[in-house]
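*Asks:* This is the structure I have questions about; it appears just below.
Taken together, the values in this text are just the output of simple stated rules run on the coordinates, not laboratory data. Since this is a predicted model, take the numbers as computed values, not measurements. All Cβ positions, glycine included, derive from the backbone under ideal geometry; neighbour counts span all protein chains shown.
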Amino acid sequence: MKKEEKTNVMRFLDGKKIPYESHSYKPDASMSGGQIALLLGEDPDRVFKTLVTCGRSGTYYVFVIPVMAELDLKKAAKVSGEKAVDMIKQKELLPLTGYVHGGCSPVGMKKHFTTFMHESAAGLDKVFVSAGRVGFQVGLAPDDLIRVADIHLADIIRIEDVHA
């Protein structure tokens, strides 16, 4: 990536003196999180996606989970203290967060929302999240991400029945 190609997330991390690696790739609308992990040369368990939900109370919540995982809406509701949470509509994402689908980052949203990250991040030396634009990722220590984005760790992903 060219040095002058900094996203708002990178500028935010620079301002907080948080070390990170930046990565870019040619985006493709059909690209899955697993394919992005492959492009980065990283284990998909280290690459996280950012999802935005709305609780029954009307409060918004952000969930950061491994790209190959699925958010468990019941677990998400429980950790957020809501009766239920639902994914927001894609068209609501940009006005609410300042980010587009595929480029949503837990860092530097327009407004701070209560944010939860899957607890598996705690055991990793580095995690990758969107750098705030499609085709850009940042890799950083999970502790730094947790601190800078005020993230709570929780069990929030669906675990498939392995005995099927």
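*Asks:* Condition first: touching a residue at least 60 places away in the same chain (Cβ under 8 Å), surrounded by 13 or more Cβ atoms within 10 Å (Cβ to Cβ) and in contact with a strand residue (DSSP E or B) (Cβ under 6 Å, 6 or more places away or on another chain). Now tell me which residues in the stretch 11-35 satisfy that.
*Replies:* Scanning the stretch 11-35 gives TYR20, SER22, HIS23, SER24.
*Asks:* Looking at the stretch 144-155, which of its residues are under 22 Å from LYS111 (Cα atoms) and either of a type outside the set (Asp, Glu) or not in a helix (DSSP H, G or I) (or both)?
*Replies:* Within the stretch 144-155, LEU145, ILE146, ARG147, VAL148, ALA149, ASP150, ILE151, HIS152, LEU153, ALA154 qualify.
*Asks:* Moving to a separate point now. Within the stretch 61-80, which residues are of a type outside the set (A, V, I, L, M) and closer than 14 Å to PHE113 by Cα?
*Replies:* Scanning the stretch 61-80 gives TYR61, PHE63, SER80.
*Asks:* Now for a different question. Looking only at residues that are surrounded by 14 or more Cβ atoms within 10 Å (Cβ to Cβ) and over 17 Å from the mean Cα position of the chain (by Cα) in the stretch 39-60, which one is nearest to PHE136 (Cα to Cα)?
*Replies:* LEU39
*Asks:* Identify all residues within the stretch 14-58 that are assigned to a loop (DSSP other than H, G, I, E, B) and under 28 Å from VAL79 (Cβ atoms); write none if there are none.
*Replies:* LYS16, ILE18, TYR20, SER32, GLU42, ASP43, ARG56, SER57, GLY58
*Asks:* Here are some residues: LEU73, LEU145. Which one is surrounded by 13 or more Cβ atoms within 10 Å (Cβ to Cβ), under 15 Å from the mean Cα position of the chain (by Cα) and either on the phi < 0 side of the Ramachandran plot or free of Cβ contacts under 8 Å to residues at least 24 places away in the same chain (or both)?
*Replies:* Only one candidate qualifies: LEU145.
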